[in-house]
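Notes to accompany the following structure.
Only the coordinates and a few stated rules stand behind these numbers; no lab work does. It should be emphasised that the depicted structure is a prediction, and the values quoted were computed from it without experimental measurement. Ideal geometry is used to build each Cβ from the backbone, glycine not excepted, and the neighbour counts take in all protein chains shown.
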């Protein structure tokens, strides 16, 4: 073919291409009728509450919302029905499509994009026919609430590049897979996300994934995976750039295949001699950019070979058990300098941070919280010019914060909360922090060794949105520089030694900007403005200061915590009109008087109402039924009276009810049986009468049942044994009758730990008798384990079953009429600190197992009919107060003065033996003296008899000493006679003068 003909054909083809393009732009794409019918059948099987498919009418389906057709053929190639609202957004449920996916969709044989994510298919199974879409390139069914087992037929889509089946993490793993071998059919797959799917029974998941050579992103977070192989015989997925295996159950060291592929160190060494670009094979080996292994049980040291991942930009290893010093690890990372995100939060790393940290100059986020790092931040921290966020939260860092922090001009978040920093923070620490928005500095040290010291006229370079300063020294004056922060919404100045009054501008400025205010635990003085309107719904915490005067009534407040001050006067009658948005109100530990206004029950959104430790009087409001969100009602330690309103029983959300230490009368209302969510039920120290109702056994969530010091008179209902979570059973000081139920041994809450969700809830106050005295419990109340049935009229035996409550801390059954023996296995209660069985009619011996309780610090067995010898050993040796055992005439032995008969017998035999020994010793004494005298006499006298010169010198020596002694005695006597004569003369002259 000649050159002219070739040029002609090219020109013709170019003309034809332009012609077709022109027509495709000007001719409307027509919908294929068969595909239009398929789509309508598909729509017919769906429920569309928000009308997202309302455009699916008419003949031209290519114009319908969510559809895309091929410009030339008119075939539907894209079906995108993703919910426009995320799962945590308000309109998500209303906008979600529901129903069934019609199999007629298979007729869309040219479909290459299908997205049904974020809808709600109500646990139905993923249709297996989707695997027959041979042209499908993109499939997204994530967060669509599919359930059951993933159909293996999905492995038939050999053209698939993108597969996202991520399930809701809070849906209790509705989706699962028993085997992943079907993935090997997806040879073109580049993106795989199976997060939230239960893969716990899949053992060979890594071998399967390793057979996907084109894979770029692997996301298997929260899949119940348990085995993470340490090595692989070969690595096939060398193009991986993203690995997310977070929130699984791995319990092993860091896997070597992540960074130790072939002999990587040798390859890197040889590559250093190259003059051109790196080989593609080497680039693939080290292609990993994002690695997330957070929320596992991984352990051990971090290998320095992680630094060989040249392209690594994000490394997230938080919430594991990694340990060791990080100096070598950080040194290795600083060699490639590509890292942008480093998150080691909540591990067991320790030591000082290395100077090489300053070499990670591309780092944007450095999160090292909740480890064991100590010392100071290195001065080189100022070299991290790209740093936007730094967190050392919860470390025992006991050094100083360098002034070089002030050089981090891009820093947005600085979190130094709950640390042990020392020294001073000055204005230089913030010199160039013009972009800082969130500042948190707090200490766990009681000494407040960190001083936040800036000038009173300081004008900061930043505009903060959040300030948290806590447990450091920043007083005594209120920090005036806060007034310059007009973007501020959160202001926490908790326990920073402020002892002044608040500045005049503060409350007006605060109402304009702040929606979260915490000035707790200072010594701030003065009164508060009576009325104030916050522009935003505000939370206000003014706990434990020295505020006084009438209560502030501030509108647009959600949470108002004023406990621990000196407010006085009445609670306003119109409180519900002034503060209609209140959700939490705590006015406890003040000096409020008067009654509880009836309008308080009109606060329909109220969750918490705490009015304890005041001087309130009168009766409770009659109708509480409007407070359907109320979870905490605490009016304890006041002077309230009357009966308990039955309407409180209609508060189905109630979790804590404390009416203790008042003057309530009558019976426990039957309606309270409806409060099945109660975990703290405290009616102690009132004047209630009647019986303990059996329906209490139906409130199975109860942790604390506190009814002491009332006039309750009945037998103990066995239904109380249904309260398996119970930690505190205090029914002391009533008129209870009958036997102690044996089934109290079923209270498994006395064996197990308190559920962690209760530890952080408001727990109220309770007075319990422990260690022989009344103790006040508040924040640790849910951790106490006690049974106190003292000061009643109970009879019968102490149930042996109680000894199975292994973690019981206090057992007080004193001042009853109990008989029988102390259970022999009482020593099983190894955690017991207080045991009081005094003032009963118990008999028999004291079990020797009692000496096995090493934690016992208070014991009282007095005034019973116990007999025999008091056991000795271990902790009992320290409890040597005789009053523990007094009133038991049959007891003997230490620490009582009464000796046991066996002790007397051994004493007599000991005395006889001692007498014989004594006589024997006297004989030996006399024999020794006689022998010594004889030996001494003949040693001296015998020598002088045998040697004449010694004899003459001895007698001469005796004569000289005798003469000197006689002269000395004569002179001394003459001297004293003269003195006595002069004394008598002086006395005689004195007598004469007086006369």
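Running Debye on region 651-748 with equal point scatterers at the Cα sites and no solvent, what base-10 log of I(q)/I(0) appears at q = 0.22 Å⁻¹? Taking Cα atoms of region 651-748 as identical point scatterers yields -1.23.
Working value for region 785-882: equivalent-ellipsoid semi-axes of 19, 16, 12 Å, each the square root of 5 times a Cα gyration tensor eigenvalue, largest first. Among 656-662, 443-449, 829-835, the peptide with the highest mean count of other Cβ atoms within 10 Å heads the list, and the full ranking is 656-662, 829-835, 443-449. Spin-label model, residue 249 to residue 68: label points 7 Å out along the Cα-to-beta-carbon direction sit 4.1 nm apart.
Ordering 872, 783, 436, 606 from the fewest to the most neighbouring beta carbons within 10 Å gives 872, 783, 436, 606.
Once both labels are modelled 7 Å past Cα along the beta-carbon direction, what's the residue 256-residue 47 spacing in nm? Placing both labels 7 Å beyond Cα along the Cβ direction yields 5.5 nm. Using r as the Cβ-Cβ distance of residue 578 and residue 426, and R0 as 41 Å, what FRET efficiency do you calculate, to the nearest 0.05? E(calc), rounded to 0.05, equals 0.40.
Label-to-label distance for residue 687 and residue 566 is 3.3 nm, based on points extended 7 Å past Cα in the beta-carbon direction. Taking the convex hull of the alpha carbon positions in region 679-904 and averaging its projected area over all directions gives 11.4 nm².
Relative intensity of region 521-651 on a log10 scale, I(q)/I(0) at q = 0.12, 0.19 Å⁻¹, equals -0.43, -1.11, per a Debye sum over C-alpha point scatterers of equal strength in the absence of solvent. Only beta bridges with both residues in region 679-904 are counted; by DSSP, about 15 percent of them are antiparallel.
Going 7 Å from the Cα of residue 398 in the Cα-to-Cβ direction, what parts of region 368-389 have a backbone nitrogen less than 11 Å from that spot? What the label zone holds, given the 11 Å backbone N cut-off, is 374-375. Note on region 114-226: Cα-Cα pairs beyond 21 Å make up 27% of the total pair count.
With a 10 Å radius around each residue's Cβ, average the other Cβ atoms per peptide and rank 844-857, 875-888, highest first.
844-857, 875-888
Applying 1/(1 + (r/R0)^6) with r as the Cβ-Cβ distance of residue 875 and residue 512 and R0 = 45 angstrom yields a FRET efficiency of 0.10. Give the share of C-alpha pairs in each 5 angstrom bin for region 468-507, from 0 to the last occupied bin, in whole percents, shortest bins first. Bins of 5 Å from zero give 6, 21, 32, 27, 13, 0 percent of pairs.
Considering region 660-716 at the alpha-carbon level, its Rg and Dmax are found to be 10.8, 28 Å. Length gained on full extension, residue 841 to residue 780, computed as 0.36 nm times the residue gap minus the Cα-Cα distance: 18.5 nm.
Computed extension length for residue 311-residue 93: 74.4 nm, one decimal, from 0.36 nm per residue of separation with the Cα-Cα distance subtracted. Here the calculated FRET efficiency for residue 438 and residue 37, from their Cβ-Cβ distance with R0 = 45 Å, stands at 0.20, rounded to the nearest 0.05.
Compared with the direct C-alpha span, the chain from residue 739 to residue 204 gains 186.6 nm at full extension, assuming 0.36 nm per residue. Based on alpha-carbon atoms, the Kirkwood radius and the radius of gyration of region 284-372 give Rg/Rh equal to 0.93.
Based on the reciprocal of the average 1/r between different C-alpha atoms, the Kirkwood radius for region 734-846 equals 14.9 Å.
Quick check: from the Cα gyration tensor, does region 695-756 come out rounded (a/c under 1.5), prolate or oblate? Prolate, because a/c is 1.5 or more and a/b exceeds b/c. From most to least packed by mean Cβ count within 10 Å, the peptides 138-144, 517-523, 502-508 give 138-144, 517-523, 502-508.
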